[in-house]
Amino acid sequence: MEATNNNSVESVQDMTWAEGVPLMAGQYMMGLAEPSPETKDYWQGVKEGRLFIKQCSGCGKHNHPRRIFCTACNSDALESVEAKGTGTVYTFSTVYRAPVPAFEKEIPYSVGVLELSEGIYLFSRIIPEKGKEVRIGAPVQLTFQETGPNGRLPAFQIVG
Amino acid sequence: MGSSSVLKNATAIIGMGTKVVTNKDPRITSLQVQLHACHNAIKAAGIDKRQIGGVFTCRAPMGFTALQWNMRIVQELKIVPNLSTEITAHGAGVLATLSYAAMAVQAGVVDYAICCSGCTGPLWVDMIRVNASIESDLQFEAPYGVTTPALYAQWAQRYMYEFDVKPEELAIIAVENRKWALRHPDAAMKDKGEITVEDVLNSKMLASPIRMLDSSTWYRGGIGSAVVITRADKARPEQRPVYISGFGSATTHEWLTDRMHLSGVEPAMTPNLTTTGAKTAADYAYAMAGLTPKDIDIVETSVPFTFANMMALEDLGFCKKGEGKYFVRDGGISYEDGLPFNTNGGYLSFGQPPHGMHMAVEAIEQLRGQARGKQVKNPRRALTHFHGGPLATHAVMILSNEEGL
Ligand SMILES: [Zn+2]
């Protein structure tokens, strides 16, 4: 796994099976993190600054963007729909020791699980209000920010 | 005691082998460390290796990539098993190998089975870097810069929020674990002295609310462990048999975020990050053994953070959900006179050799009266709990030194 450290993102892009959708995780995880067929819409949305999740055309339930079958009715008729981009902090952690050097300049940063208004949970960066701490239950709003070596990713800003 | 299963104490562990390496020894691979353990276990059992019909291994260890790990072990042992497979469920799979082996010998498919695990990953790879990529969703979690503590911290933050648990209450677990480690010759922290609650609270914050001394320490080396098992009626006194009284497993997810999408099934009738699969696994194990937590003399768990140890005490039934803080604060796991808990120092102070069966080894040594650290006085039953991160997969096994029901 570690042997992939010196490869560049570009050098393996051609090898992915996701029709050219680029790798989005850190270089240290390359080969494992390709967008998969069921998440292509999500990553295309990220490129356009939009957040796509899944919705079941059978029962209407929203699902996490990586779902293949609806967790409520077990249908595979899941469609990508744009999320409202609002929710609350379910839990979080503020990271003081980075996993790899590429994240060190951002320390400390907060990561956590958001409960979106659509009723699904999404892991993301959480940006506190200036001078304040992240807290459970805080309302959040979708934004995008440069994240580690991965370019612009969805993140959530605490609002009010 | 309630009614128990026909499986209770029907299977015996009749040979155990280990191999310990530290960063001061010549560097060996995960394959080597497991093979040493296997041969030591076969020798201890006093059987011919060709009698072994079942080989159950952990998944490929970190730092040693092999798609067919079980076949590598079989290939080196030069035996031809009837049943052989690897149990993939992270650290929980390590303990679950004994469950599969027990079912195989009880079904009469094989007479003897060997279970092995072990990893010298910390001698070969950067565990801090590698581990988070094994325990996180590489598309939806890892790109945000998660570390292993940051993943577990999601549970910790929510647990402390819902049950008003204070860092100083969690710190007691680190303090008590350390005392056991100081007496164990193989413990990573054996020379580091006692610690106080203040030491824990003042240690470096890694990922809030988890501090350095709330965390396990990577073992500077690795430990291979193997056991040979058979039916209880085939065990001989000189093999110092230890009996499998009950076992259970529960896998709830692979990645943290997906645990929140589990609902309508125990332990997540409603989505939560406060009750783990340890509860479900323990329920199965107690039912098979016809025992309750009151019947347990020793508890060994492989969870790697203070908060997770507190949750484990609750989920394994030693106190009610949310009351772990009172249990710990009131001396429930006191080294001096509490429930013997992580008697080698646990992951916090013995250290975390990845894929180790060493917490079960500790339980077996205690039950045989052969503890290398502090011996608990006349224990009859030990509960072992192994888990794979992040609190994703759990195995519980109750062991006893008493034959029969
Ligand atoms: Zn549906």
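Every number here is computed from the coordinates shown, using simple stated rules; none is lab data. Bear in mind that the values here come from a model prediction, so they are computed numbers and not experimental data. All Cβ positions, even for glycine, are placed from backbone atoms using ideal geometry, and neighbour counts span all protein chains on display.
Things to note:
- Residue match in the stretch B:229-237 (condition: surrounded by fewer than 24 Cβ atoms within 10 Å (Cβ to Cβ) and part of a loop (DSSP other than H, G, I, E, B)): yes
- Within the stretch B:114-130, the set of residues being more than 9 Å from chain A (Cβ to nearest Cβ) and outside any loop (DSSP other than H, G, I, E, B) comprises B:Ile114, B:Cys115, B:Cys116, B:Ser117, B:Gly118, B:Cys119, B:Gly121, B:Pro122, B:Leu123, B:Met127.
- Residues in the stretch B:342-371 that are in contact with a Gly (Cβ under 8 Å, 6 or more places away or on another chain) and within 22 Å of B:Val197 (Cβ to Cβ): B:Thr343, B:Asn344, B:Gly345, B:Gly351.
- Condition check for A:Ser124: over 16 Å from A:Leu153 (Cα atoms), away from the ligand (no atom under 16 Å from the Cβ) and in a strand (DSSP E or B): no
- Subset of the stretch B:249-280 [more than 16 Å from B:Pro390 (Cα to Cα) and of a type in the set (Gly, Ala, Ser)]: B:Ser263, B:Gly264
- Any helices (runs of 4 or more DSSP H) falling wholly within the stretch B:246-356 and containing at least 1 residues that are touching a residue at least 60 places away in the same chain (Cβ under 8 Å) and over 17 Å from the mean Cα position of the chain (by Cα): B:256-259, B:277-289, B:324-329
- Checking A:Glu104 against (1) within 13 Å of chain B (Cβ to nearest Cβ); (2) within 14 Å of the chain's Cα centre (by Cα); (3) outside any loop (DSSP other than H, G, I, E, B), the condition it does not meet: (2)
- For the stretch B:136-152, the set of residues classified as touching a residue at least 24 places away in the same chain (Cβ under 8 Å) and part of a loop (DSSP other than H, G, I, E, B) consists of B:Ser136, B:Asp137, B:Phe140, B:Glu141, B:Thr147, listed by residue number.
- Odd one out for A:Glu129, checked against (1) charged (D, E, K, R); (2) surrounded by fewer than 18 Cβ atoms within 10 Å (Cβ to Cβ); (3) within 8 Å of chain B (Cβ to nearest Cβ): (3)
- Matching residues in the stretch A:50-59 - criterion: being in a strand (DSSP E or B), within 12 Å of the ligand (Cβ to nearest atom) and more than 18 Å from B:Pro271 (Cβ to Cβ): A:Gln55
- Residue list for the stretch A:60-100, restricted to those being in a loop (DSSP other than H, G, I, E, B), touching a helix residue (DSSP H, G or I) at 6+ places or on another chain (Cβ under 7 Å) and more than 16 Å from the ligand (Cβ to nearest atom): A:Ala98, A:Pro99, A:Val100
- Criterion (of a type in the set (Val, Ile, Thr) and closer than 21 Å to B:Glu365 by Cα) met by exactly one of B:Val175, B:Val265, B:Val200, B:Val242: B:Val242
- Among the residues of the stretch B:165-191, those identified as surrounded by fewer than 18 Cβ atoms within 10 Å (Cβ to Cβ) and without any contact (Cβ under 8 Å) to a residue 40 or more places away in the chain are B:Glu168, B:Asp191.
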